[in-house]
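The values are calculated or read from the model by the stated rules, or taken from the named source; none is laboratory data. Values in this document were obtained by computation on a predicted structure and should not be read as measured data. Here Cβ is always computed from backbone atoms with ideal geometry, including for glycine, and neighbour counts include all displayed protein chains. To get the accessible areas, we keep the full protein, side chains included, count just its heavy atoms, and leave off ligands, DNA and RNA. Shrake-Rupley method; radii C 1.70, N 1.55, O 1.52, S 1.80 Å.
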Amino acid sequence: MAAPTDTAKQIEYYANALKAPRIRDSAARLADQARDAGWTHEEYLAAVLSREVASRESSGAEIRIRAAGFPARKAIEEFNFDHQPALKRDTIAHLGTGQFITKAQNVVLLGPPGTGKTHLSIGLGIAAAHHGHRVLFATAVDWVTRLQTAHQHGRLAAELAKLRRYGLLIVDEVGYIPFEQDAANLFFQLVSSRYEHASLILTSNLPFSRWGDVFSDHVVAAAMIDRIVHHADVLTLKGNSYRLRNTEIDTLPSMRTDNTAD
């Protein structure tokens, strides 16, 4: 039987060969615990490997979160549900499991500025990253700019195919700035390319009934909405801006009473 020092060297060699250096550390930390508790060889091996898997998943999630392009880190747990009493916690918790992504479904968050749409979209994106999904975040304007650049270089199809490899794209602020016809057509192609293939989260300060004005074409807007909501959770947030809660400002010029999903 090899001496303990020799065994440790063997473990270190095998861990490096497997590109899993954390196995070496876990094996050393758990060895005494395993002997004292009388673990079987199988239990000890499972414990060591579980530490490696947990560490890899944590590291992988961090990499995916950094690569997503979030403007800030906002967890679902930090969301102020008291400011949105009509929003069901169970619904958000279920979306946080990422099951909608495995089913290539969408989430649409509608409501006035400051009601938490971007916070929820980021929180759901971060949760998705923890569940192993690749995520990209950008405003609607930035997505269109990206597609315009690809189109100008003759690689729009390749760009759309590349984006389909991401389980979730988050499109923030749909409706804040209207699009010209060409830009609207590019955005429609993004939506169409992901239809029943991969998920979208979209946030908008406007109800669907006003998207025709945003995209300069009511027919294109209707076709786009049809694809988005076919497999989607549409959540409407209401009320005044959370950012204005400690000010004397009661409302914003862009807030309208018709801000619903209709």
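Only one entry in 49, 45 is of a type outside the set (Gly, Ala, Ser), open to solvent by 30 Å² or more (accessible area, probe 1.4 Å), in contact (Cβ under 8 Å) with a residue 24 or more places away in the chain and assigned to a helix (DSSP H, G or I), namely 49. So which residues in segment 7-42 are open to solvent by less than 70 Å² (accessible area, probe 1.4 Å) and outside any helix (DSSP H, G or I), if there are any at all? Once the filter is applied, which keeps residues that are open to solvent by less than 70 Å² (accessible area, probe 1.4 Å) and outside any helix (DSSP H, G or I), segment 7-42 yields 20, 38, 40. The combined condition, being of a type outside the set (Lys, Arg) and open to solvent by 90 Å² or more (accessible area, probe 1.4 Å), is fulfilled by residue 82. Suppose the filter is among the charged types (D, E, K, R), more than 26 Å from residue 165 (Cβ to Cβ) and part of a helix (DSSP H, G or I); does residue 142 pass it? For residue 142, the condition - among the charged types (D, E, K, R), more than 26 Å from residue 165 (Cβ to Cβ) and part of a helix (DSSP H, G or I) - is not met. Looking only at segment 219-262, filter to residues that are of a type in the set (S, T, N, Q) and open to solvent by less than 50 Å² (accessible area, probe 1.4 Å); which one of those is modelled with the highest pLDDT? Within segment 219-262, the match that is modelled with the highest pLDDT is 236. Name the residue that is nearest to residue 101 (Cα to Cα), counting only residues in segment 139-150 that are surrounded by fewer than 19 Cβ atoms within 10 Å (Cβ to Cβ) and touching a residue at least 12 places away in the same chain (Cβ under 8 Å). Across segment 139-150, the extreme among qualifying residues is 139.
Restricting attention to segment 83-110, the residues being closer than 14 Å to residue 238 by Cα, in contact (Cβ under 8 Å) with a residue 24 or more places away in the chain and of a type outside the set (A, V, I, L, M) number 2.
With the checklist (1) open to solvent by less than 80 Å² (accessible area, probe 1.4 Å); (2) in contact (Cβ under 8 Å) with a residue 60 or more places away in the chain; (3) within 23 Å of residue 174 (Cβ to Cβ); (4) not small (Gly, Ala, Ser) in hand, flag the one item residue 71 doesn't pass. Every listed condition holds for residue 71 apart from (1).
Answer yes or no: is there a residue in segment 97-119 that is under 30 Å from residue 210 (Cα atoms), in contact with an Asp or Glu (Cβ under 7 Å, 6 or more places away or on another chain) and either of a type in the set (Ser, Thr, Tyr) or exposed (fewer than 13 other Cβ atoms within 10 Å of the Cβ) (or both). Scanning segment 97-119, I find at least one residue that is under 30 Å from residue 210 (Cα atoms), in contact with an Asp or Glu (Cβ under 7 Å, 6 or more places away or on another chain) and either of a type in the set (Ser, Thr, Tyr) or exposed (fewer than 13 other Cβ atoms within 10 Å of the Cβ) (or both), so the answer is yes.
Listed conditions (1) small (Gly, Ala, Ser); (2) closer than 18 Å to residue 160 by Cβ; (3) at pLDDT below 95 are all met by residue 216, apart from (2).
Looking across 184, 157, one residue alone is more than 28 Å from residue 91 (Cβ to Cβ), open to solvent by 60 Å² or more (accessible area, probe 1.4 Å) and modelled with pLDDT of 95 or more. It is 157. Consider segment 46-99 and keep the residues that are at pLDDT 90 or above and of a type in the set (Ser, Thr, Tyr). The one that is nearest to residue 29 (Cα to Cα) is 97.
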